[in-house]
1. Determine if the stretch 7-28 includes at least one residue that is crowded, with 19+ Cβ neighbours inside 10 Å and at positive phi.
2. Could you tell me which residue of the stretch 56-65 is surrounded by the fewest Cβ atoms within 10 Å (Cβ to Cβ), considering only residues that are part of a loop (DSSP other than H, G, I, E, B) and touching a residue at least 40 places away in the same chain (Cβ under 8 Å)?
3. Of all residues in the stretch 1-22, how many are modelled with pLDDT of 95 or more and in contact with a helix residue (DSSP H, G or I) (Cβ under 7 Å, 6 or more places away or on another chain)?
4. Could you give every pair whose Cβ atoms fall below 7 Å, whose first residue belongs to the stretch 43-55 and is without any contact (Cβ under 8 Å) to a residue 12 or more places away in the chain, and whose second residue is buried (at least 19 other Cβ atoms within 10 Å of the Cβ), counting only separations of at least 6 or pairs across chains?
5. Given 99, 79, which one is out of contact with any helix residue (DSSP H, G or I) (no Cβ under 7 Å at 6 or more places or on another chain), surrounded by fewer than 14 Cβ atoms within 10 Å (Cβ to Cβ) and under 22 Å from residue 41 (Cβ atoms)?
6. Looking at 28, 24, can you tell me which residue is assigned to a loop (DSSP other than H, G, I, E, B) and over 14 Å from residue 69 (Cα atoms)?
7. So which of 91, 74 is closer than 12 Å to residue 8 by Cβ and assigned to a loop (DSSP other than H, G, I, E, B)?
C-alpha cells in the first residue's frame, strides 16, 4: 500500500477577512481543507501544516510575531501535529519537510491550502515533477 500524507499549506489568518492579504472566498476553501484534515485525523493518517513566516523586514503580510501568521482556526493546528515553518513560497526550501515525508515513508501527497497556483508549481519543480 502506498503511504500518503496530507499537506495543508498556508491556511493562515492573513488570507482571511481582517487579514493583511485577504483572498476571495477563503472560508470555502478552508472548509474543504478541514474535511480532508478530519479524515486524516480520524484514520490516523500522516498530515502536516505548512506555515509561512516572512523574513523580510518590509513584508506586507505573514509578518513574524503577528497573528496573521497563525494557522486559521478553521483547520486549527493541534498540539503534537507537525508544523513546518517556511520562509519562502517553496515548502521544501530550507525546511525539514522532505525529511519528515521520508521519515514517514510517504510516496504520495495530497496538497491543499491557499495560493496553491503558486506554491504547488514550486513544489512540483523542486521534486522534478514540473517545468513551470
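1. Yes - at least one qualifying residue is present in the stretch 7-28.
2. 60
3. So the first thing to find is which residues in the stretch 1-22 are modelled with pLDDT of 95 or more, and the list is 4-22.
Remaining after also requiring in contact with a helix residue (DSSP H, G or I) (Cβ under 7 Å, 6 or more places away or on another chain): 5-6, 8-16, 19-22.
Residues flagged as modelled with pLDDT of 95 or more and in contact with a helix residue (DSSP H, G or I) (Cβ under 7 Å, 6 or more places away or on another chain) within the stretch 1-22 amount to 15.
4. none
5. Residue meeting the stated conditions: 79.
6. Numbers: 28 fails: assigned to a loop (DSSP other than H, G, I, E, B).
Answer to the check: 24.
7. None of the others qualify; the one that does is 91.
Here's the yes/no breakdown for (1) assigned to a strand (DSSP E or B); (2) closer than 23 Å to residue 101 by Cβ:
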residue: 14; (1), (2): no, no
residue: 34; (1), (2): no, yes
residue: 39; (1), (2): no, yes
residue: 47; (1), (2): yes, yes
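The values are calculated or read from the model by the stated rules, or taken from the named source; none is laboratory data. As the structure is a prediction and not an experimental result, all values here were calculated from the model. In this analysis, Cβ positions are derived from the backbone assuming ideal geometry, glycine residues included, and neighbour counts consider all displayed protein chains.
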